[in-house]
Amino acid sequence: MREVNVEQITRTVAGLCMEANYFLGDDMLAALEKAVAAEESPTGRTILEQLQENATIAATDRVPICQDTGLAVIFLELGQDLHIIGGDLETAINEGVRQGYEEGYLRKSSCHPFTRKNIGDNTPAIVPCRIVPGEQLKITIAPKGGRSENMSKVVMLKPADGIAGIKKQVVEWVEQAGGNPCPPTIIGVGIGGTFERAALLAKESLLREVGNRNPDPELDQLEKELLEEINNLGIGPQGLGGRVTSFAVHVKMLPCHIASLPLAINIQCHAARHKEAVL
Amino acid sequence: MENIIRLQPPLKDEQIKVLKTGDQVLISGTIYTGRDAAHKRLVDLLDKGEKLPIPLDGQVIYFVGPAPAKPGNAIGSAGPTTSYRMDPYSPRLLAEGLKGMIGKGGRSPEVKAAIKKYHGIYFAAVGGAGALLAQRIKKAEIVAYEDLGPEAIRRLEVEDFPVVVVNDIYGNDLYEQGVAAYRRN
């Protein structure tokens with residue numbers, strides 16, 4: 001059985017925390033380029049150009065793209081034939097977050113819900129984990145800022161609401177969120193499963209690269225229609241008016257209970273950060 | 001490219017009067033930082049009739065809680081935070097002479113009314129452009145409430161700090177008018 005030491009996991013997580021916060025992905029850089037060309041509002045174009053310049057400065061100077069370096073959401077795909085040695089996985093992940101946020105001059109944002117006292121090291125990380133075949137560990141970090149996360153929700157629709165009901169909910173919700181989640185955004189939509197699975201589906205959908213199409217033709221079509229309706233809202237970059245409100249809509253779907261139609265909407269700001277490593 | 005207006009605080013009524021919703025502005029000179037916790041303390045001092053740790057007359061407050069500074073940098077990434085949390089306090093500060101506010105997101109009717117009444121101005125900086133905005137901050141010094149950490153009041157020296165006018169003294173609001181202009185049904 002293959003073995004991985006927790007120390008290696010900790011250092012990998014620390015590195016990913018920094019990398020994700022300094023370097024915007026190529027998919028997002030391409031999306032910004034496309035948005036500058038598509039945007040009709042002069043204010044909107046200026047904002048998009050500032051975001052391009054911002055990404056360049058962040059990468060060159062190795063400073064965070066945004067001061068809100070997020071809570072550390074870390075997706076694991078743990079091979080069932082991999083043996084973790086030297087300690088426990090969760091402690092190793094949290095230690096990696098602690099080291100990465102300290103060494104990387106990243107803002108620590110986790111706090112006590114009542115007293116609001118800062119925990120001081122940005123832990124605990126949020127760690128959804130799937131056990132998969134094989135003997136590798138895939139770690140994907142997706143730091144999530146507060147404001148766009150606040151503009152998210154789960155709603156248990158009636159089965160009769162159907163696709164039309166889903167579309168109405170998503171578009172109305174994005175309209176209500178307006179400039180708050182720092183548009184242009186990516187809209188993550190989770191349909192089906194249970195209450196909590198729908199939320200996780202929505203979050204997982206945000207990991208897909210912008211520009212990659214949904215492999216399911218029905219969902220691909222739904223994404224296209226939703227994006228068009230959302231961009232017709234006129235919210236635009238930063239909510240100051242324009243044609244580009246969202247870069248993309250990403251939908252993930254699972255079967256649900258015959259009595260249910262769970263829908264989750266998780267909004268991602270333009271600082272759509274995620275980096276992965278395989279051990 | 002539209003005309004870009006250059007401003008250096010302290011701001012005077014004549015400078016505020018010509019600003020219109022949608023104007024691109026570059027600010028240079030001294031501005032102050034403050035988030036809700038610092039705002040609360042300032043208003044508490046005013047209520048008690050005590051002296052404030054910073055001047056308000058004609059000044060500009062930037063709503064920001066920066067990331068830690070790397071060695072050699074004046075400040076860490078420093079994009080705007082959402083302004084509505086300052087809404088309960090801003091009218092009072094405007095009444096005491098504050099002129100400009102920089103943040104992101106819409107303001108309450110009370111703040112908009114105070115902007116008209118006291119001739120203030122509300123600018124938006126680009127949320128999430130923290131690295132770019134930090135580069136335009138040449139100096140940062142904590143001047144009050146160090147115990148608040150990222151929320152302490154800092155005096156910043158900025159150069160060509162890019163903002164856009166959202167609420168002017170004529171009652172215009174770019175969040176409302178901008179969206180209406182680009183909406184398609």
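Given the conditions (1) away from chain A (no Cβ under 14 Å); (2) in contact with a Leu (Cβ under 8 Å, 6 or more places away or on another chain); (3) surrounded by fewer than 18 Cβ atoms within 10 Å (Cβ to Cβ); (4) not polar (S, T, N, Q), report the number of the one that residue B:27 does not fulfil.
Looking at each condition in turn, residue B:27 falls short on (3).
Could you please find all residues in the stretch A:23-47 being more than 9 Å from every other protein chain (Cβ to nearest Cβ) and either closer than 21 Å to residue B:123 by Cβ or hydroxyl-bearing (Ser, Thr, Tyr) (or both)?
Once the filter is applied, which keeps residues that are more than 9 Å from every other protein chain (Cβ to nearest Cβ) and either closer than 21 Å to residue B:123 by Cβ or hydroxyl-bearing (Ser, Thr, Tyr) (or both), the stretch A:23-47 yields A:39, A:45.
Listed here are the residues, each with its yes/no results for (1) modelled with pLDDT under 95; (2) at negative phi; (3) not in a helix (DSSP H, G or I).
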{"position": "A:66", "(1), (2), (3)": "yes, yes, yes"}
{"position": "A:83", "(1), (2), (3)": "no, yes, yes"}
{"position": "A:87", "(1), (2), (3)": "no, no, yes"}
{"position": "A:114", "(1), (2), (3)": "yes, yes, yes"}
{"position": "A:120", "(1), (2), (3)": "yes, no, yes"}
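Can you list the helices (runs of 4 or more DSSP H) lying wholly within the stretch B:97-185 that have 2 or more residues being of a type outside the set (Val, Ile, Thr) and surrounded by 24 or more Cβ atoms within 10 Å (Cβ to Cβ)?
Fully inside the stretch B:97-185 and qualifying: B:130-135, B:174-182.
Suppose we filter B:109, B:150 for residues that are over 15 Å from the mean Cα position of the chain (by Cα), modelled with pLDDT of 95 or more and closer than 25 Å to residue B:40 by Cα; which single one remains?
Sole residue among the options that is over 15 Å from the mean Cα position of the chain (by Cα), modelled with pLDDT of 95 or more and closer than 25 Å to residue B:40 by Cα: B:109.
Got at least one residue in the stretch B:54-66 being more than 12 Å from chain A (Cβ to nearest Cβ), part of a helix (DSSP H, G or I), more than 13 Å from the chain's Cα centre (by Cα) and closer than 21 Å to residue B:147 by Cβ?
no
The values are calculated or read from the model by the stated rules, or taken from the named source; none is laboratory data. Computed from a predicted structure; not experimentally measured. As a convention, Cβ positions derive from the backbone with ideal geometry for all residues, glycine included, and neighbour counts pool all protein chains shown.
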